[in-house]
Amino acid sequence: MKVVLAVVLSLLAVVPALAQEQPRTGGVLKVAMIGEPPTLDLHTTTAVITQQIMWHVFETLYTYDKQYNPIPMLADGHTVSDNGRTYTFRLRRGVKFHSGRDLTAEDVVLSLKRWGKLATPGKAIWKNVEGIEAKDPATVVIYLKEPSAVLLMGLARPNNGAVIYPKEVMAATGDAAIKENIGTGPYRFLEHKPDRHIRLTRFKEYSARSEAPNFFGGKRIAYLDEIRFIPVPDVAVRLAGAQSGEYHFAQQIKTDQYERIKNAPGLVMSVVKPTGWSTAVLNHKQGIMTDKRIRQAVQAALDMEPIMAAGFGDKAFYRVDPGLMHLEQPQWHSKAGGEYYNQKNPEKAKKLLKEAGYAGQPVRWITTQEYEYMYKHALVAKQQLEGVGLKIDLQVVDWATLVQRRNKPEAFDIFSTAITFNPEPALNTGVQCNWPGWWCLDDKEQWLDSVSRETDPRKRKAMWDKVQTLFYEDVGRIKLGDWFGLQVYRKDVRGYTTSNEQGFFNVWLAK
């Protein structure tokens, strides 16, 4: 079933007027990133920086079109039978791995099993999977326990995506991090020198789709000789490098610089609205935040306006709103449970802490300066929480360390992150039990399973309202507010489409 999503992404770019020109092959695109990725294995992390780099190397059976519908990528198509419980996928012929071997159904089956075991969205999908098999070298069949409204959306999702690895690579590593980065994408992995660069080069034998480019779908062409991802943790250095021409692209620019440099010579500024929502993730598995009254105290104390203003400055780049799906997604946006959002009620917080018997134990909050807004959000929240009597131990680390440490329940009470834009609520990372923070409320799990299986849009929305209500009542996480990202790139970068995902296929460099 094809579901048309009423998703509106406001992509504002100050772009030079260009005459029609032919794409040019060659050149090295230099991309200034916020830091080092925690891993290059897409099955094992929701860290967006890993996706932004490695989805040039790896591909999925499906991807998104410009309306965020799932469309085939490595698949040639599919059929559905047995009252929606059996999906049969036909693979495209002639697709090669970077090793030179042809893609087969066995690679797909083993990759999807690994994704279902290790990935946050994969675990959510796999709860409804009865089995998967390779019918022949070009046919994969997935058997479901119940009909699904989200299977194709899960297979299309790029973040923590269901990318396809060669069976021999998975056999060598199992559940450990992938050691050989061999995919089917338009760029192949060349080298990773930590704190220096990750280099990808054109895959000359890439098998592109024949359709015209359609957002993430259709024909992908590697015009560039090389893409070089360079960790540049200092935001001012990223911007200065883009202005000087040292970098062609710089991510996560401070939003208070927009008015000053939007007409800067040689630069294009682009705004992605929405990018995601900033959050403080509470540890439900171990430690002080397992007490619901203390979680409620944190939620009651916070005043989101100064927190969001500290991170983004200009109101054009943030919004205070309770919805776990964005205003730009009218079919999903909800204010359910919103009375518990942005309470700014210190007296209520103090009362809850007293009832919980809080005695000044330190609350360990891990944050990072590589995403500067996360650090500033944590600083202001720390001040507000200490005002009601909580003792906040703010631990500032690099992003890769934060992502590694948040997997250890004994290592934190709160961590900073953001939940990036997602077109499918049932796969929203912010409400998943199996994601760090481990918010595993039985009622929520039942409603979330219902959202995954129901196909009627109105019923799905009512079910999602139940999930969001429980998010606030049980204090699953602390949503701080929505934010809109700012990217810059040089005017000689052609063919780039502004998006949260930051893709450089079909991009070339003008002379």
Output for the stretch 255-278, where each listed residue is surrounded by fewer than 19 Cβ atoms within 10 Å (Cβ to Cβ), at pLDDT 90 or above and either closer than 22 Å to THR417 by Cα or among the β-branched types (Val, Ile, Thr) (or both): none
Qualifying positions in the stretch 304-336 - touching a helix residue (DSSP H, G or I) at 6+ places or on another chain (Cβ under 6 Å), surrounded by fewer than 17 Cβ atoms within 10 Å (Cβ to Cβ) and over 29 Å from GLN67 (Cα atoms): PRO306
Some residue of the stretch 124-139 being buried (at least 16 other Cβ atoms within 10 Å of the Cβ), in contact (Cβ under 8 Å) with a residue 12 or more places away in the chain and at positive phi: no
Residue in the stretch 420-428 that is in contact with a Gly (Cβ under 7 Å, 6 or more places away or on another chain), within 28 Å of PRO231 (Cα to Cα) and not in a helix (DSSP H, G or I) present: yes
Condition met for ILE253 (part of a loop (DSSP other than H, G, I, E, B), of a type in the set (A, V, I, L, M, F, W, C) and within 30 Å of LEU385 (Cβ to Cβ)): yes
Test result for ALA426, within 14 Å of ARG295 (Cα to Cα), among the hydrophobic types (A, V, I, L, M, F, W, C) and buried (at least 19 other Cβ atoms within 10 Å of the Cβ): no
Test: residue in the stretch 448-462 that is crowded, with 21+ Cβ neighbours inside 10 Å, small (Gly, Ala, Ser) and assigned to a helix (DSSP H, G or I): yes
Candidate set: the stretch 99-123, residues that are small (Gly, Ala, Ser) and in contact (Cβ under 8 Å) with a residue 40 or more places away in the chain; chosen: the one surrounded by the fewest Cβ atoms within 10 Å (Cβ to Cβ): GLY100
Answer from ILE198, ILE221, ILE227 - the residue that is out of contact with any Phe, Trp or Tyr (no Cβ under 6 Å at 6 or more places or on another chain), aliphatic (A, V, I, L, M), surrounded by 17 or more Cβ atoms within 10 Å (Cβ to Cβ) and closer than 17 Å to LEU29 by Cα: ILE221
Residue count, the stretch 405-419 (criterion: touching a helix residue (DSSP H, G or I) at 6+ places or on another chain (Cβ under 9 Å) and in a helix (DSSP H, G or I)): 2
Tally of residues being crowded, with 16+ Cβ neighbours inside 10 Å, out of contact with any Phe, Trp or Tyr (no Cβ under 9 Å at 6 or more places or on another chain) and assigned to a strand (DSSP E or B) across the stretch 337-396: 1
Answer residue from the stretch 380-432, given it is aromatic (Phe, Trp, Tyr) and touching a strand residue (DSSP E or B) at 6+ places or on another chain (Cβ under 9 Å) and is farthest from THR50 (Cα to Cα) among those: PHE412
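The values are calculated or read from the model by the stated rules, or taken from the named source; none is laboratory data. Since the structure is predicted, the reported quantities are computational estimates derived from the model, not experimental observations. Don't worry about glycine lacking a Cβ; one is built from the backbone with ideal geometry, like all the others, and counts go over all protein chains shown.
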